[in-house]
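Below: one structure, written as structure tokens.
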Amino acid sequence: MEFPVTRMRRMRKSKAIRDIFAETKLNIEDLIYPIFIKKDLKKGEKEEISTMPEEYRYSVDDGVEFLKNLEKKGLKSTIIFGLPSDDEKDSCGSVAYSDNGVVQETIKRIKAETNLICISDVCLCQYTSHGHCGLVDDENGEILNDESLKYLSKVALSHAKAGVDIVAPSDMMDGRIMAIREILDDNGYEDVLIMSYCVKYASNFYYPFRDAANSSPAFGDRKTYQMDPKNSIEAIREAELDLIEGADVLMVKPALAYLDIINMLKTNFNLPIATYNVSGEYSMLKAAIDKGYLTEDAIMETLISIKRAGADLIITHFAKDILDSL
Ligand code: PBG
Ligand code: ZN
């Protein structure tokens, strides 16, 4: 049937009609809130992040307090990023697997004081003196793959010991999911899930995060381990490998410039798909809203687009802003 019998506008005639026919819905359970916890900060001290409006680096105490407030508003899960003291950094990021490191302490507190699902980012870049996600060959500056696996596994194990629910390796070394699954299982942590940043592109949209986490590489870039934005077949291969190695959840990162990849993974894999609405995606929208170029409705439209593309879970700094409206 054609016009005038068929009228598409019938389906849009009121908010109530639109609501019951909405194909995509964003639920509070879909959101994971990322938080920065800095070891050197004391209770009551929080630092503004100049490249991320309305986001802060928190002390352990204040971070946990902030999360408790979000939990009251309905938040279900959080992902923790740690900032160690500058003098603790070394060439292999060893403070990343210290049993009383800033992430480990935060995990213990969150698990003791909230019912939040606690996810931890597993990487070395915030903890290494050179700022790379793996170990570096002193002679030629190459990022060493196999040597890094041992350290990344130790980090994951230390988070598991602290009580984390899900570890999320973001380093992009080959074979790390297998290495991490093995060390977790060997130590009785069969129930700790792995959310793999399996498809992580070398993106400019991480720029504010590196400012926030003080984790820019001291030399070179991350292009020998993170993916080339020009590629999508490669994303399938990355996802396939991590699935085989034991990942429970697959992640695409960033989200907005990669909605096609989210959709491709959702259609090709029978695993939950997470995506990371990264720092730069947050900051550019916040900045536009601050300037009056856009209004706050752009936030929900953006998150819905990510959900519609096929994401089951969305890591986003906007979680703190939109809990009240869900
Ligand atoms: C560390 C890590 C990064 C992000 C998450 N984990 C930065 C990077 O790879 O340089 C980026 C998150 C964001 O931009 O919000 N490996
Ligand atoms: Zn890293």
Exercise. Only one residue in A239, A212 is more than 13 Å from C133 (Cα to Cα), within 13 Å of ligand 1 (Cβ to nearest atom) and of a type in the set (G, A, S), so which one is that?
Worked result: A212
For this session: Identify, from the list F66, F36, the residue that is closer than 22 Å to F318 by Cβ and either out of contact with any strand residue (DSSP E or B) (no Cβ under 9 Å at 6 or more places or on another chain) or crowded, with 20+ Cβ neighbours inside 10 Å (or both).
Result: F36
For this session: Can you work out which of the residues in the range 191-218 that are away from ligand 2 (no atom under 14 Å from the Cβ) and in a loop (DSSP other than H, G, I, E, B) is surrounded by the most Cβ atoms within 10 Å (Cβ to Cβ)?
Result: V192
Exercise. Which of (1) in a loop (DSSP other than H, G, I, E, B); (2) closer than 17 Å to M173 by Cβ; (3) open to solvent by 20 Å² or more (accessible area, probe 1.4 Å) is the odd one out, the single condition L241 does not satisfy?
Worked result: (1)
Seminar exercise, completed: Those residues of the range 79-107 which are over 20 Å from the mean Cα position of the chain (by Cα), open to solvent by 50 Å² or more (accessible area, probe 1.4 Å) and within 16 Å of A162 (Cα to Cα) amount to D99, N100
For this session: Would you check if there is a residue in the range 70-77 being under 16 Å from F36 (Cα atoms) and away from ligand 2 (no atom under 14 Å from the Cβ)?
Result: yes
For this session: Please state which of the following conditions G82 fails to meet, knowing it meets all the rest: (1) of a type in the set (G, A, S); (2) in a helix (DSSP H, G or I); (3) in contact with a strand residue (DSSP E or B) (Cβ under 6 Å, 6 or more places away or on another chain).
Result: (2)
Problem set entry | Odd one out for V64, checked against (1) within 19 Å of the chain's Cα centre (by Cα); (2) of a type outside the set (D, E); (3) within 19 Å of S279 (Cβ to Cβ); (4) outside any strand (DSSP E or B) | (3)
For this session: Answer with yes or no whether I32 is in contact (Cβ under 8 Å) with a residue 40 or more places away in the chain and hydrophobic (A, V, I, L, M, F, W, C).
Result: yes
Exercise. Has the range 71-78 got at least one residue that is closer than 30 Å to L152 by Cα, part of a helix (DSSP H, G or I) and open to solvent by less than 80 Å² (accessible area, probe 1.4 Å)?
Worked result: yes
Exercise. Which one is farthest from ligand 2 (Cβ to nearest atom) among residues in the range 144-166 that are under 17 Å from the mean Cα position of the chain (by Cα) and over 17 Å from K200 (Cα atoms)?
Worked result: D165
Problem set entry | Lone unmet requirement of (1) part of a helix (DSSP H, G or I); (2) within 16 Å of ligand 2 (Cβ to nearest atom); (3) open to solvent by 70 Å² or more (accessible area, probe 1.4 Å) for K266 | (2)
Seminar exercise, completed: Looking across the range 1-33 at residues that are of a type in the set (A, V, I, L, M) and surrounded by 11 or more Cβ atoms within 10 Å (Cβ to Cβ), the single one that is farthest from I322 (Cα to Cα) is I17
Problem set entry | Members of the range 31-59 found to be closer than 17 Å to N115 by Cα and among the hydrophobic types (A, V, I, L, M, F, W, C), listed by number | L31, I32, I35
Exercise. Which one is nearest to E48 (Cα to Cα), of the residues in the range 219-237 that are in contact (Cβ under 8 Å) with a residue 24 or more places away in the chain and either surrounded by 22 or more Cβ atoms within 10 Å (Cβ to Cβ) or among the aliphatic types (A, V, I, L, M) (or both)?
Worked result: R222
Problem set entry | Candidate set: the range 119-143, residues that are among the β-branched types (V, I, T) and open to solvent by 10 Å² or more (accessible area, probe 1.4 Å); chosen: the one farthest from ligand 2 (Cβ to nearest atom) | V136
Problem set entry | Candidate set: the range 176-190, residues that are closer than 20 Å to I273 by Cα and open to solvent by less than 30 Å² (accessible area, probe 1.4 Å); chosen: the one nearest to ligand 2 (Cβ to nearest atom) | R176
Exercise. Is there any pair linking a residue in the range 285-311 that is over 12 Å from L256 (Cβ atoms) to one that is among the polar types (S, T, N, Q) and open to solvent by 60 Å² or more (accessible area, probe 1.4 Å), with Cβ under 8 Å and at least six apart or on different chains, and which?
Worked result: I289/T295; M300/S325; G310/N263; G310/T267
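The values are calculated or read from the model by the stated rules, or taken from the named source; none is laboratory data. If you're wondering where the values come from, they're calculated on a predicted model, not measured in any experiment. Because the Cβ atoms are built from the backbone with ideal geometry, glycine has one as well, and the counts that use them run over all protein chains shown. In case anyone asks, the SASA skips ligands and DNA or RNA and just uses the protein heavy atoms, side chains included. Shrake-Rupley method; radii C 1.70, N 1.55, O 1.52, S 1.80 Å.
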